[in-house]
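Encoded as structure tokens, the structure appears first; notes follow it.
The values are calculated or read from the model by the stated rules, or taken from the named source; none is laboratory data. Note that the coordinates shown come from a computational prediction; the quantities given were computed from them, not determined experimentally. Counting neighbours? That spans all protein chains shown, and the Cβs are built from the backbone with ideal geometry, glycine included. Remember, those area values only see protein heavy atoms, side chains included, never the ligands or the DNA or RNA. Shrake-Rupley method; radii C 1.70, N 1.55, O 1.52, S 1.80 Å.
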Amino acid sequence: MSAFNDIRDYVAIPRVLSLKLSPDGSRLISAVQSLNPDGKSYGTALWAIPIDGEPYRLTRSAKGESAAEFTDAGDVLFTSARPDPTVKDATDEVPSLWLLPRSGGEARQVAARPGGVGAFRTAGDVVVFAADVLTGEEAAEEERRKARKDAGISAILHESYPVRYWDHDLGPGHTRLFAAKLGADRLEDVRDLTPDPGEALRDVTFALTPDGATVIATWRTILPDAELRVDLVAIDVATGERRTLFTEEGHDFYGPIAVSPDGTRVACARERLAELDVSVRIDLWIGDLATGAGRTYAPDLFPADVEWAPDSSAVYLAADQRGRRPIFRVPLDGEVARLTQDDAAYLGLNASADGRFVYALHSGVDRTHGPARIDTATGEITDLPSPATRPELPGTLTEVSATADDGTTIRGWLTLPEGASADDPAPILLWIHGGPVASWNDWQWRWNPWIMVQHGYAVLLPDPCLSTGYGQEMIDRGWGNWGPRTLADLDAIVDVVVDRDDIDGERIAAMGGSYGGYMANWIAGHSDRYKAIVTHAALWNLEQFGGTTDAAQYWQREMGEPGSERYAKLSPHHGLDSITTPMLVIHGDKDYRVPIGEALRLWWDLQRRNVESKFLYFPDENHWILKPGNAVAWYETVLAFLGQHVLGQEWKRPDSVA
């Protein structure tokens, strides 16, 4: 039985989330997510993957474990909200830092904070970690947090933008960085490196130099007009002294951040801030740690992950390219070379100390994530035993392309069900990716096409304008012209695909989430070729959206001030009177990137215009709909809605929805 036939089987598939290589190169460690026994939530556990052996589970706790790092001695540091067994009646609710000895035995808690321990890095005997801290006297923080909770106070007073991020409220604490030494039992000499950062370390990304002497971290500066700038700073671990390492007007610097093994250079991402007529651009930036001097490398390759070669002469870069995410070797002096030649997507890069191999998570549109070893001399790829078995797919994947009206090649992936043929052509779903600066090139646990394939649909996954991996000109084509330009690209590739004899172009639907949801709404008001449209986490009224999203400054850079002509030109709600296609609207109430007001306004407009429609609402979900039960409800409702309008089946309300 296919794992894609019953959605409950699908959501139970274990998922490999991360990959780290031990200092001696003998084993990898992964955080693996799997369904908890209650079937209502997911938990994570750490697994060891010996280079020459079979994976085995390292940790087991009800709270789960994540964010694993090796110490130089080969012990494993990780974060978990599990209670400390050495403390009577401990009821930990926030993550603390734990150490699992390489020699075996039980893990022990080595650091805890009232606001929890977040990201951490280690080098030598130094550990640097992030923690959420309330403003005021640090010694009394635990009591102040308890008093606030006992008094039922949830109010947060803000003095700068933003106040929310993706699915959670910001504050009342602020992120700080702490440094400590690895002791025999716990971290020792814990020191606050950033005593008064304000909002500077919000959503911080950081790295530690190999000698443990310097932290390289993102640093936010709040600017007038609700703008901000992100620099990279160097913080001395011994003194807390901070200096700006990389800053440039009109640019942000952020992760991935990697320090060269010789401790002299830093690699990171540099983003050109957009303007009305200047598109976003992300480059690999490598600079000198001592002087801050640097430059861009590997043009047109947006950094997804970066890892230094052990001799510090080059970096290995994972970056989108034509529906894949290969690994490239980027030398400090010389030509960029593609290392992996397959169709896969790579993340979690780890270079072996001898320089012979890069270990990475290996995945793709047609394969779940698992560990792989890449020979740096030949590019040969070897799949390693994985903690999670890859499921068999119910169909095949093929590449398609078309020529748009301006001569640009538009490519994409087409998933086909088994048996699709001229005698039995498959109905087709156009599935539009989010972003919009993104690409269909990796496995998707949410919005997964193979479930639709299992139920008989072909799924087209195109990369239209604004997609990454096709050069800056592909992004420039759609900048400030979302709906019209993207629809022309989509029409071109849909026309090619529906001409195939194994595709039934009369039974066709469109769907998408986030930016893909925006385009689903745009299509609804500008095309009548689709039998049904599913719109998830979608933008509807752009002027309303622009001031309520959690990242309004990014939005305004491209779309301009409220009331500008772009709002009038590009807002899908202006096409309301032309909508006749049945629509399924889906939204989570805790989505702060595309606030629920967009769905509520769309739903009201569809109802008052008597458009045949349904609204699938998730009061406790965010942008993606992540809880297993809710994911089941999502897929079952989408399939029922498509079955009614594309396949002509009788509507039957799924048992998973109220």
Segments 432-444, 276-288, 313-325 sorted - mean Cβ within 10 Å per residue, highest first: 313-325, 432-444, 276-288
For the range 173-285, just the Cα set please: Rg and Dmax, both in angstrom. 15.5, 57
Under 12 Å from the 7 Å Cα→Cβ point of Arg609, by amide nitrogen: which residues of the range 502-525? 521-525
Shape of the range 510-658, Cα gyration tensor, a/c cut at 1.5: oblate
Quick one: accessible area per residue over the range 1-153, 1.4 Å probe, rounded to a whole number of Å²? 49
With an 8 Å Cα cut-off and a minimum separation of 6 or more residues, compute the relative contact order for the range 264-375 in percent. 15
Which of rounded, prolate or oblate describes the range 478-538 when judged by the alpha-carbon gyration tensor and an a/c cut-off of 1.5? oblate
Carbon plus sulfur, as percent of the 1.4 Å-probe accessible area of the chain, comes to 47
Relative contact order of the range 527-572: what whole-number percent is it, with Cα pairs under 8 angstrom and at least 6 residues apart? 44
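For the range 564-658, what is the accessible area per residue in Å² when the probe is 1.4 Å? Numbers along the way, then the final one.
On the way: 4260 Å² over 95 residues.
Averaged over the residues of the range 564-658, the accessible area is 45 Å².
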Determine how many Å³ per residue the convex hull of the Cα atoms of the range 127-191 encloses. 134
Using only Cα atoms, locate the centre of the range 501-563 and the centre of the range 1-70, then give the distance between them in Å, rounded to an integer. 35
Mind ranking 294-301, 116-123 by how tightly packed they are, going by the mean number of other C-beta atoms within 10 angstrom, highest first? 116-123, 294-301
Once fully extended, how much extra length lies between Thr378 and Thr548, figured as 0.36 nm per residue of separation less the alpha-carbon to alpha-carbon distance? 56.2 nm
Over the range 535-602, how many percent of alpha carbon pairs lie in each 5 Å bin up to the one with the longest distance? 3, 18, 27, 24, 17, 9, 2
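For the range 407-528, what D do you get in µm² per second when you plug the Kirkwood radius from alpha-carbon pairs into Stokes-Einstein at 10 °C and 1.306 mPa s?
Approximately 109 µm²/s, per Stokes-Einstein.
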Any chance you could get the radius of gyration and Dmax over the Cα atoms of the range 429-475, in Å? 11.8, 37
Viscosity 1.306 mPa s, temperature 10 °C: give me the Stokes-Einstein translational D for the range 227-280 in µm²/s, with Rh taken as the Kirkwood radius over C-alpha pairs. 125
Taking K and R as +1 and D and E as -1, what net charge do the other residues with C-beta under 12 Å from the C-beta of Thr408 add up to? -3
Everything considered on the Cα gyration tensor (a ≥ b ≥ c; rounded for a/c under 1.5, else prolate if a/b is larger than b/c, else oblate), the range 337-489 must be described as oblate
Let me check against my output: what whole-number percent is the relative contact order of the chain, with C-alpha pairs under 8 Å and at least 6 apart? 9
Give me the tail of P(r) for the range 79-148 as a percent: Cα-Cα pairs with distance above 19 Å. 41
For the range 586-636, take the convex hull of the Cα atoms, compute a quarter of its surface area, and give me that in nm², please. 3.5
For Ile596, Ile493, give the ranking by accessible area with the largest first, probe 1.4 Å. Ile596, Ile493
Out of the range 88-184, which GluC sites (Glu not before Pro) are coil in DSSP terms and have no more than 13 other C-beta atoms within 10 Å? Glu93, Glu106, Glu137, Glu159
Provide the FRET efficiency to the nearest 0.05 for the Glu561-Gln341 pair, computing r from the beta carbons and using R0 = 56 Å. 0.75
Give the accessible surface of the range 348-465 per residue, rounded to a whole number of Å², with probe radius 1.4 Å and ligands, DNA and RNA excluded. 33
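Please report, in cubic angstrom per residue, the volume enclosed by the convex hull of the alpha-carbon atoms of the range 350-402. Could you put the intermediate results ahead of the total?
Values: hull volume 5.9 nm³, N = 53.
Looking at the range 350-402, the number lands at 112 Å³ per residue.
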Result row for the chain, helices from DSSP H with C-alpha axial extent 24 Å or more and mean Kyte hydropathy at least -0.5, is 628-645
Projected area averaged over orientations for the chain, convex hull of C-alpha atoms, nm²: 29.5
Computed label-point distance, nm, for sites Arg57 and Asp192 using a 7 Å Cα→Cβ extension: 4.0
Using only Cα atoms, locate the centre of the range 642-656 and the centre of the range 83-142, then give the distance between them in Å, rounded to an integer. 50
For the range 105-149, give the magnitude of the charge dipole about the Cα centre (Cβ charges: +1 Lys/Arg, -1 Asp/Glu; no others), in debye to the nearest 20. 220
Can you find, among Pro572, Ala351, Gly152, the residue farthest towards the positive end of the dipole of the chain? Put +1 on the C-beta of Lys and Arg, -1 on that of Asp and Glu. Gly152
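Mind checking the dipole of the chain: about its Cα centre, +1 per Lys or Arg Cβ, -1 per Asp or Glu Cβ, Debye to the nearest 20?
1060
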Can you find, among Gly560, Gly198, Ala420, the residue sitting farthest towards the positive end of the charge dipole of the chain, where Lys and Arg contribute +1 and Asp and Glu -1 at Cβ? Gly198
Ordered by residue, what ³J(HN,Hα) values in Hz, to whole numbers, does the range 179-186 give under the Karplus form 6.51 cos²θ - 1.76 cosθ + 1.60, where θ = phi - 60° and Gly and Pro are x? 10, 7, 10, 6, x, 5, 10, 9
